[in-house]
Amino acid sequence: MFKTNRTDKSGTLTELDYTVYGRMIPLTKIIQHMREMHKDYQRETETNETHTRHLRIWHDHSDILNHTYISIMVSTLYDTASFITDEEYRAKYPERPPADVQAMVEKPFLYVLGQSSSSDIDQLSYIPVRVDDLQNLKAQSGEVRYVMRFFSGDGPPRQFEAGHQRGGNFACLCGIPSKDHMNLDNAFQIDVPSSQERLKIFKEGELWKGFSLMRPSPFANLKKQDIMRELVARSHDTDDKNKVELQEELSNTLRGIQRPPAMFSTPKNVFDLLHDYEVPPGEPLHDITNVVQNLITELPYHISNPDTLKDFEKFSTATIGSDARLFAVKLAMFAHLKFSEKKSVKIFTTFAHH
């Protein structure tokens with residue numbers, strides 16, 4: 001439960017209790033289930049040796065019966081140092097059907113399900129319990145050390161997790177302006193800031209001190225005097241500049257950073273728990289969609305064999321769906337098959353080997 005305040009139609013300021021309803025399954029309990037499910041895939045090691053396993057977090061929100069909910073999932077990242085390969089599984093259990101070990105190991109578990117809109121205020125209300133749970137996990141670690149390593153998800157959840165703005169000129173976590181997204185020289189030279197670096201940029205001025213879980217955007221709707229004070233604190237020259245110019249300079253300085261990364265939003269020191277935690281700037285499901293679509297459009301113009309062209313058109317009609325990653329994998333398999341049959345042209349051959 002959180003306290004907030006609102007003004008009614010008469011202008012009176014009233015204090016309200018803000019209650020969030022949700023269910024969280026502790027990480028320690030989830031990991032017990034993981035160990036039970038993963039026991040057939042674990043690699044045998046020395047009993048006194050400490051191992052590290054990396055966890056990945058995913059979350060998104062949606063409507064259920066006219067109520068908005070957030071769902072947070074957690075999974076283990078597959079690592080051949082900790083888990084056997086598909087070939088080793090077949091050799092170890094010859095009587096069983098073949099298994100996709102990585103898919104089984106990385107099967108997600110429900111972590112949090114609770115009422116929440118897409119607003120930062122609602123979603124940040126779950127951060128204190130996530131931080132406490134992560135601290136509890138570290139306190140109970142034994143021969144296997146679990147580290148929160150990656151966040152994966154769609155664009156808005158990644159922006160939330162990184163403390164980044166949604167939309168606008170700096171929508172990408174890389175900090176490149178939207179107009180420069182096609183500038184490959186710029187893209188290849190940029191270093192995507194880590195969570196710690198983002199937090200440092202956030203705190204270089206003065207206005208960050210007004211941040212709280214109930215006021216998560218201290219840089220929003222600023223007056224000219226506030227922008228000047230922030231820029232001066234960041235050692236910028238503000239002389240002879242109007243509000244539009246000052247706002248543009250502040251935006252170019254923050255490069256989309258609006259608040260601390262979500263897991264760094266509480267007063268608790270979590271650097272030792274999250275020093276390797278990474279929020280990637282891209283999400284494959286959406287980022288490669290246009291690339292795959294371009295391949296589908298372009299390939300027929302490079303196929304001279306009528307039979308291969310007919311097979312490709314049949315394949316495309318039967319395979320296309322919402323998961324561009326899966327389509328790319330199937331397309332590579334199809335190209336390799338046609339290459340083996342010596343029915344593919346050079347562009348097919350190249351795609352099949354990449």
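The values are calculated or read from the model by the stated rules, or taken from the named source; none is laboratory data. Here the structure is a predicted model, which means the values were calculated and not measured. FYI the Cβ positions are ideal-geometry reconstructions off the backbone, even for glycines, and counts take in every protein chain you see. Only protein heavy atoms, including side chains, enter the accessible area calculation; ligands, DNA and RNA are left aside. Shrake-Rupley method; radii C 1.70, N 1.55, O 1.52, S 1.80 Å.
Extents of the chain, taken as max minus min of Cα coordinates on every principal axis and listed largest first, are 74, 54, 43 Å.
Taking trypsin sites (Lys or Arg not before Pro) in DSSP loop conformation with at most 10 other Cβ atoms inside 10 Å as exposed sites, the chain has its longest uninterrupted site-free stretch at 40-222. Applying 1/(1 + (r/R0)^6) with r as the Cβ-Cβ distance of Arg166 and Thr45 and R0 = 56 angstrom yields a FRET efficiency of 0.80. Among all the lysines, which ones have a C-alpha under 29 Å from Lys243's C-alpha, if same-chain residues fewer than 8 places away are not counted? Lys243 reaches Lys179, Lys200, Lys203, Lys209, Lys223, Lys224.
Projecting label points 7 angstrom from Cα along Cα→Cβ for Met182 and His275 puts them 4.3 nm apart. Size descriptors for segment 84-156: radius of gyration and Dmax over Cα atoms are 18.0, 53 Å. Per residue, the chain exposes an accessible area of 59 Å² to a 1.4 Å probe, with every protein chain left in place. Sequentially through segment 200-205, phi angles give Karplus couplings (6.51, -1.76, 1.60; θ = phi - 60°) of 5, 4, 4, 9, 6, x Hz, Gly and Pro residues having no value and appearing as x. Once you order the gyration tensor axes a ≥ b ≥ c over the Cα atoms, which shape class does segment 60-218 get: rounded for a/c under 1.5, otherwise prolate or oblate by comparing a/b with b/c? Since a/c reaches 1.5 and a/b is larger than b/c, the shape of segment 60-218 is classed as prolate. Within a straight-line Cα-Cα reach of under 30 Å, Lys29 can be paired with the following lysines, leaving aside sequence neighbours fewer than 8 residues apart in one chain: Lys39, Lys92, Lys107, Lys138, Lys268.
If you average over every viewing direction, what projected area does the convex hull of the Cα atoms of segment 25-104 give, in nm²? For the Cα atoms of segment 25-104, the hull's average projected area reads 7.3 nm². Potential lengthening of the chain between Leu13 and Arg229 amounts to 75.0 nm, from the contour at 0.36 nm per residue minus the alpha-carbon distance.
3J(HN,Hα) couplings calculated from phi for segment 163-172 with the Karplus curve 6.51 cos²θ - 1.76 cosθ + 1.60 (θ = phi - 60°) are, in sequence order, x, 9, 5, 9, x, x, 6, 10, 5, 7 Hz; Gly and Pro show x. Between 0 and 90 degrees, rounded to the nearest ten: what's the tilt of helix 224-233 against the longest Cα principal axis of the chain? It works out to around 70 degrees.
The dipole here belongs to the chain: it is taken about the Cα centre, uses +1 on the Cβ of Lys and Arg and -1 on the Cβ of Asp and Glu, and is about 440 debye.
Take the Cα of Asp239, step 7 Å toward its Cβ, do the same at Gln115, and the gap between the two points is 5.6 nm. The DSSP beta bridges internal to the chain are antiparallel in roughly 75% of cases. Over all other residues within a Cβ to Cβ distance under 15 Å of Asn186, the charged ones net out to -1, with Lys and Arg as +1 and Asp and Glu as -1. For Tyr146, nonlocal amide neighbours, meaning residues 5 or more places apart or on other chains whose placed amide H falls under 5 Å from its own, are Arg53.
May I ask you to give the percent of accessible area on the chain that is carbon plus sulfur, with a probe radius of 1.4 Å? Answer for the chain: carbon and sulfur cover 53 percent of the accessible area. Spin-label model, Asn221/Ile25: points 7 Å from Cα along the beta carbon direction are separated by 4.0 nm. For segment 185-338, the square roots of the Cα gyration tensor eigenvalues, ordered a ≥ b ≥ c, give a/c of at least 1.5 with a/b greater than b/c, which places it in the prolate category. If both residues of a DSSP beta bridge must be in segment 34-162, then about 70% of such bridges are antiparallel.
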